[in-house]
Amino acid sequence: MISSPVTLHYFDIEGKPSTSALGENLNLLLKDSGIEYTYLRHKRDEWAPIKEDISKKVNHPTMPFIELDGKVYNKTVPTMRYLCKKLGKYLPANDDDLYTVEVVADVVRDHYGTTMPVFRCEDEEKLKEHFERDTTKYLNAYESIYQHKEGPYILGEEITYADFLVYHVIQDDNALKHVQGYPHVAKFVETFSQRPNLAEYIASLAQ
């Protein structure tokens, strides 16, 4: 149970959408959970003093990180899992399902890695090559993952932290507009984007 406010910290990435990169995974999860939290975005030149401060509280200071009850928790997926345990939701009920979800989290990590070389790329040929080589590969992977259950989520009706990861990596890879060719992924994206605590926020991003 989380009874005190959470503060989420991440970079304000110049020239990129507010949803770009790793902080949005935690932002979506926190927003969906309905708990009280604050999202602070920092300029690059603010990072050095912040890093020095949190280095006393974590082993390897990086962003995003959260502050909760006077403690600091960083690294995206471990922090998501920690929050899930504290919230008592977004985690599978048995070990086999937990294994499935953790595999998907690793797939997302691999997908995210392919987006880094083109993060600020404006070369249309390179972006096309990335889409044809990488984006379609992972959209096919997610289609295979989501077709195993009636859906709309990885494990069926109950959302898990890995669903947040999948949605955001597709978003971050500018691939939401391409999911219609993948019916199970499209069903997931549509359902996810209509979640009560997310629908207004996600709709606002398209404006």
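Every read-out reported here was derived from the displayed coordinates using simple, explicitly stated rules and does not represent laboratory data. Bear in mind that the values here come from a model prediction, so they are computed numbers and not experimental data. Positions of Cβ are backbone-derived with ideal geometry, glycine not excepted, and every protein chain shown enters the neighbour counts.
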Quick one: order 176, 29 by neighbouring beta-carbon count within 10 Å, fewest to most.
176, 29
Please give the contour-minus-distance gain from residue 95 to residue 82: 0.36 nm per residue of separation, less the Cα-Cα distance, rounded to one decimal in nm.
3.0 nm
Using only the Cα atoms of the range 1-81, what do you get for the radius of gyration and for Dmax, in Å?
12.3, 37
For the residue pair residue 42 and residue 136, what label-to-label distance in nm results when each label sits 7 Å from Cα along the Cα-to-beta-carbon direction?
4.1 nm
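Cross-link list 31/187; 137/177; 149/187; 51/89: which exceed 23 angstrom alpha carbon to alpha carbon? Walk me through the numbers on the way to the answer.
Numbers: 31/187 21 Å; 137/177 16 Å; 149/187 12 Å; 51/89 30 Å.
51/89, as the Cα separations exceed 23 Å there.
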Provide, in order from the shortest bin, the percent of all Cα-Cα pairs of the chain in each 5 Å bin, continuing until the bin that contains the maximum pair distance.
1, 7, 15, 19, 20, 18, 12, 7, 2, 0
Which FRET efficiency value, to the nearest 0.05, do you get for residue 4 and residue 144 by plugging their Cβ-Cβ distance into 1/(1 + (r/R0)^6) with R0 = 45 Å?
0.65
How far apart, in nanometres, would the label points at residue 114 and residue 157 be if each is projected 7 angstrom from Cα along the Cα-to-Cβ direction?
3.4 nm
